[in-house]
1. Taking the Cα centre of the chain as the origin and placing charges on Cβ (Lys, Arg +1; Asp, Glu -1), which of Ala62, Asn49, Thr4 is farthest toward the positive end of the dipole?
2. Given contacts defined as C-alpha pairs under 8 Å and at least six residues apart, what's the relative contact order of the chain, whole-number percent?
3. Suppose only helical runs count, i.e. DSSP H with n ≥ 4. What mean residue ellipticity at 222 nm does that imply for the chain under -39500 (n - 2.57) per run, divided by all residues and rounded to the nearest 500 deg cm²/dmol?
4. When the chain is treated as a GNM, springs tying every alpha-carbon pair under 10 Å, which of Thr87, Thr47, Thr31 comes out with the largest mean-square fluctuation?
5. Carbon and sulfur: what percent of the chain's accessible surface (1.4 Å probe)?
6. Springs between alpha-carbon pairs under 10 angstrom, Gaussian network model over the chain: which of Phe58, Phe48, Phe72 fluctuates most?
7. Find the accessible area per residue for the chain; the probe is 1.4 Å, ligands and nucleic acids are left out, and the unit is Å².
8. If you restrict to DSSP beta bridges whose two residues both lie in the chain, what percentage is antiparallel, to the nearest 5?
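The values are calculated or read from the model by the stated rules, or taken from the named source; none is laboratory data. What you are looking at is a predicted structure, and each value in this text was computed from that prediction instead of being measured. Neighbour counts run over all protein chains shown; Cβ positions are idealised from the backbone, glycine included. Side chains included, ligands, DNA and RNA excluded: accessible areas come from the protein's heavy atoms. Shrake-Rupley method; radii C 1.70, N 1.55, O 1.52, S 1.80 Å.
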Amino acid sequence: MELTLREVREAINGKILIHRKEEFNNLCIDTRCIEENNIYLAIKGETFNGNNFVEEAFKKGASIAIVDEILFDIEKASGTVILVENTLNALLELANYYRRKLN
């Protein structure tokens, strides 16, 4: 991704709760495929809540987590945590921003 943390936060109208890292290289919504310095975006589905997996995402190397619920000890987060109203909407807003930036 060729965005800054500030651009990400502004695109999704997020609030940084903990600022520990700024570098990131990609976005992932599934902790099974997290790689070093990914942004983990915690999506909710009918049978799962991605907010439950934030600690796992950080353990696997995520540098930033975008959440809409705090279901973990935020003080122990090893990366940056951004709170949004709705993570699915945040994903759509970020994709739209990125697409516009590419022209």
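1. The one lying farthest along the dipole's positive direction is Thr4.
2. The value is 30 percent.
3. -8500 deg cm²/dmol
4. Residue with maximal mean-square fluctuation among Thr87, Thr47, Thr31: Thr47.
5. The C+S portion of the solvent-accessible surface of the chain is 45 percent.
6. Maximum among the listed residues: Phe48.
7. 60 Å²
8. 30 percent
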